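The values are calculated or read from the model by the stated rules, or taken from the named source; none is laboratory data. Here the structure is a predicted model, which is why all the values come from computation and not from measurement. All Cβ positions, even for glycine, are placed from backbone atoms using ideal geometry, and neighbour counts span all protein chains on display.
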Amino acid sequence: MDTHVIQTENLTKSYGTRIAVNHLNLTVEAKQIHGFLGPNGAGKTTTIKMLVGLLRPDSGSLKILGMNAAGDKPRIRERIGYMPELPKFPKHLTGEELLDVYGRMYNIPKETRRKRIPELLKMVGLEGRGRDRIGKYSKGMQQRIGIAQALLNDPELVILDEPSIGLDPVGMVEVRDMVKEIVKGGQTVFFSSHLLAEVQQICDHVSIINNGNMLFTGTLDEVASKAGPSRRLVLEVQKASDSILHALKALSFATVNTNDNTYTLHLKTKDDVRAEISRAVSAAGGVILRMQEEGGGLEDAFMSLVGKEAE
Amino acid sequence: MTLAPNPDAVSGFFNTFSGIFIFLIAVATTMNTISGEFETGSITPLLTKPVSKNTVFLGKIVASFLTLIAIYAFLTVYVIVGSVVIEGSQNNLLLAPLGLFGLTLATMVWASMVILLGTLSKSSLVAALGSFGVFIGVTIVGTILSSVYGQTSVLFYAPGGGANGSTGSCETFPRSGTNFATGTDNLGYLLIQLVLNPSAVLNFCGVRFGPGGREGEIFTASSDTVATVALRALAVAIVYLAALLVVSWYAFRRSQIVESA
């Protein structure tokens, strides 16, 4: 069986003369939590809309669960769950009614719906609000019902477009936990975000896109190693002295900046060099108060990839 | 006690209830049918469920049709009860369902125009105003064409009120006989007449101006039997309905959800 849950080849889509997605090759394997990162307007939503059949690609191929997915493909949609960015549902329905109507579209039997809908409402934190009209839901609650409807059919692939947009910090953490929960059931999650911290916390794979071009795709570790050059160690000592600076400058794997009693070492290596640094400072008669690694994470990788200077 | 007895009040209702009335009912029931889904953004979750676009479209059309039938069934029952109570026992009550069918079909012609404009523009405002423009255009152009130039045959194939037919002669004044509109809008009444007086002859009058444009005379532009007129209107309505719906269906199938609502 094909393990590619999503596979695009040279997927391209333009709006007039503006190329929104440019020869995109994206592969998502089964059981991944795959983050789809990019600045606003990078082409994330356009790509996702092509995946779920809302937009027709101009060229290139698009396979989901091994099937050609371009165009109106109800048989694929049966097996995936999708939450649009800032989803809008018919306001006159209650949360329960909405899930029931959608459940009927998935041909879920009545008894199953009756059992599954309260479970889902509970899972997304809408317990007790299922009989309220969606028109009365807050933005965050609409987001939650959006996640619930994406999980209704127990999909093999869940596609979430900016799931935590419009949520408060507590809601964001809850969404993060929900995503982790989904994957425990063996499902694949593909979600777009411009929040790096969020992606870093829950994803094992990332794809980074900007101006419609794929900049990077791979595991989180790979992307971190790409950002190797910007890995830094911040060192705070009790009392700065020339001998400490000398000792640090003598280290072959780093360059040093000083600021009062803080030294910033720009590491050229990917190894753990904290012990060597500690010995060098001690030998020079210094006392280390704090040693902290900065950068080298997704943020730096992202910034260097999209061509902006990391702070 | 009844007021002035009028045994034809019910069939008269089908003759009066056409034109702007059915147009407005068509707009009210369908201006949001597909465009509303686009406007509110609820089209996005809908189209990503495992239902084909064909099913969604068909569902919208069937729902519009059933809504119209329900509105008119209520209205017909109301008119029948009211007529019997106020104007005494009624003739041809058995034909009321036929009138109801014709009325619904006539309204569906306008409804499909509204749906088409809504699907193309994704805006219910454009659907309502655009179809109103078509309605006004057809009505004004139709009136000019039929009364001034006697080109009634053009109106036989246009949607809307159509040409005015008379069982009396065009040349005598005041005109004898009964007059009624013969366009698709009046399909309810036309189908009733088709059963009651299929072989009656309808005259379509025009105005002809003399040399210099000074003096005009009314003349018979064409004549047809009620059967021909009614069946033609039925066929024209079905053709318009089918054509408008096919174009809307195609537009809906081709539509892409670009904007994030």
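State which residue is nearest to residue A:105 (Cα to Cα) when the search covers only the range A:131-174 and only residues that are within 14 Å of chain B (Cβ to nearest Cβ) and small (Gly, Ala, Ser).
A:150
Quick test of your reading of the structure: residue B:66 fulfils all but one of (1) aliphatic (A, V, I, L, M); (2) in contact with a helix residue (DSSP H, G or I) (Cβ under 7 Å, 6 or more places away or on another chain); (3) away from chain A (no Cβ under 13 Å). Name the failing condition by number.
Against the list (1) aliphatic (A, V, I, L, M); (2) in contact with a helix residue (DSSP H, G or I) (Cβ under 7 Å, 6 or more places away or on another chain); (3) away from chain A (no Cβ under 13 Å), residue B:66 comes up short only on (2).
Where the second residue is outside any helix (DSSP H, G or I) and of a type in the set (A, V, I, L, M, F, W, C) and the first is within 29 Å of residue B:27 (Cα to Cα) and lies in the range B:89-104, which pairs have Cβ atoms under 7 Å and are six or more apart or on separate chains?
B:103/B:17
Is at least one residue of the range A:64-72 at pLDDT 90 or above, under 27 Å from residue B:37 (Cα atoms) and assigned by TED's automatic domain parsing to the domain that holds residue A:148?
The answer is yes; a qualifying residue exists.
For the range A:95-142, give me each residue that is touching a strand residue (DSSP E or B) at 6+ places or on another chain (Cβ under 8 Å), more than 23 Å from residue A:161 (Cα to Cα) and not in a loop (DSSP other than H, G, I, E, B).
Scanning the range A:95-142 gives a single hit, A:133.
Go over the candidates A:64, A:76, A:117, A:108 one by one and state the one that is within 9 Å of chain B (Cβ to nearest Cβ), buried (at least 16 other Cβ atoms within 10 Å of the Cβ) and not aromatic (Phe, Trp, Tyr).
Answer to the check: A:76.
Taking the range A:79-105 only, how many residues are more than 22 Å from the chain's Cα centre (by Cα), more than 7 Å from every other protein chain (Cβ to nearest Cβ) and within 19 Å of residue B:38 (Cα to Cα)?
Total satisfying the criteria: 5.
Just checking, how many residues over the range B:1-24 are outside any loop (DSSP other than H, G, I, E, B), in contact (Cβ under 8 Å) with a residue 24 or more places away in the chain and surrounded by fewer than 21 Cβ atoms within 10 Å (Cβ to Cβ)?
At the first step, the residues of the range B:1-24 found to be outside any loop (DSSP other than H, G, I, E, B) are B:9-16, B:20-24.
Then drop every residue that is not in contact (Cβ under 8 Å) with a residue 24 or more places away in the chain, which leaves B:9-11, B:13-15, B:20, B:22-23.
Keeping just the survivors that are surrounded by fewer than 21 Cβ atoms within 10 Å (Cβ to Cβ) gives B:9, B:15, B:20.
Residues in the range B:1-24 being outside any loop (DSSP other than H, G, I, E, B), in contact (Cβ under 8 Å) with a residue 24 or more places away in the chain and surrounded by fewer than 21 Cβ atoms within 10 Å (Cβ to Cβ): 3 in total.
Please count how many residues of the range A:14-57 are in a strand (DSSP E or B), within 19 Å of residue B:258 (Cα to Cα) and among the polar types (S, T, N, Q).
Summing the residues that are in a strand (DSSP E or B), within 19 Å of residue B:258 (Cα to Cα) and among the polar types (S, T, N, Q) in the range A:14-57 gives 2.
When both residues are 6+ apart or on different chains and their Cβ atoms are under 6 Å apart, which pairs have a first residue that lies in the range B:31-56 and is more than 9 Å from chain A (Cβ to nearest Cβ), and a second that is part of a loop (DSSP other than H, G, I, E, B)?
B:35/B:122; B:35/B:123; B:38/B:122
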